[in-house]
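The values are calculated or read from the model by the stated rules, or taken from the named source; none is laboratory data. Note that this is a predicted model, so its numbers are computed, not measured. Neighbour counts are summed over all protein chains in view; Cβ atoms, including those assigned to glycine, are modelled from backbone coordinates with ideal geometry.
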Amino acid sequence: MTSLNDIPITTIDGSETSLAEYGDKVKLIVNVASRCGLAPQYSKLEDLQKIYSDRGFTVLGFPSNQFLQELGTEEAIAEYCSTTWGITFPMFEKIKVNGRSEHPLYTELKKAADAEGKAGKVKWNFEKFVVTPDGEVHRFRPRTEPDHPAIVALIEASLPTAA
């Protein structure tokens, strides 16, 4: 199995990196879309970033136009996220989450099953994957809000105790 940390990713400003940069953190990986009806979830994602980032947590946003609701360029996406939602968490280049040209990160993430035991295709924008520092992947479907008690409990249980 490929380690998630070994998969190359590109930041929204074009820098090459990998999840290894965030390897010791609890990560909430989300496929985002600016023109989606679920875009207000950006606000709750940013709230989680502010609450937990100093304890070893980060949201990682992966814009996708897979469902035809994302802006055309990385520059437009970055500006929208910054000016509309005040996003401070890392954002990455636009990717595909399903199909023949899906990003390798999503090929791996989609092996994880959701609460109903279903793995496979990303159903819509704002599907969430919590990845713990030991590499365990937990999947939450798009309509599950970022501040849902199950997500918050998982984040808190995976972080070091607050000082």
Exercise. Which of the residues that make up the range 76-118 are aromatic (F, W, Y) and under 14 Å from the mean Cα position of the chain (by Cα)?
Worked result: F89, F92, Y106
Exercise. Name the pairs whose Cβ atoms lie under 9 Å apart, with the first residue in the range 69-81 and small (G, A, S), the second not in a loop (DSSP other than H, G, I, E, B), and 6 or more positions between them or separate chains?
Worked result: A78/M91
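Here are some residues: E46, E70. Which one is among the acidic types (D, E), more than 13 Å from V30 (Cα to Cα) and modelled with pLDDT of 95 or more? Walk me through how you get there before you give the answer.
On the way: E46 fails: more than 13 Å from V30 (Cα to Cα).
Sole residue among the options that is among the acidic types (D, E), more than 13 Å from V30 (Cα to Cα) and modelled with pLDDT of 95 or more: E70.
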For this session: State whether one or more residues within the range 130-139 are over 17 Å from V59 (Cα atoms), surrounded by 12 or more Cβ atoms within 10 Å (Cβ to Cβ) and either in contact with a Cys (Cβ under 6 Å, 6 or more places away or on another chain) or of a type in the set (K, R) (or both).
Result: no
Problem set entry | Matching residues in the range 119-134 - criterion: being in a loop (DSSP other than H, G, I, E, B) and either of a type in the set (D, E, K, R) or more than 14 Å from the chain's Cα centre (by Cα) (or both) | A119, G120, K121, K123, E127, P133, D134
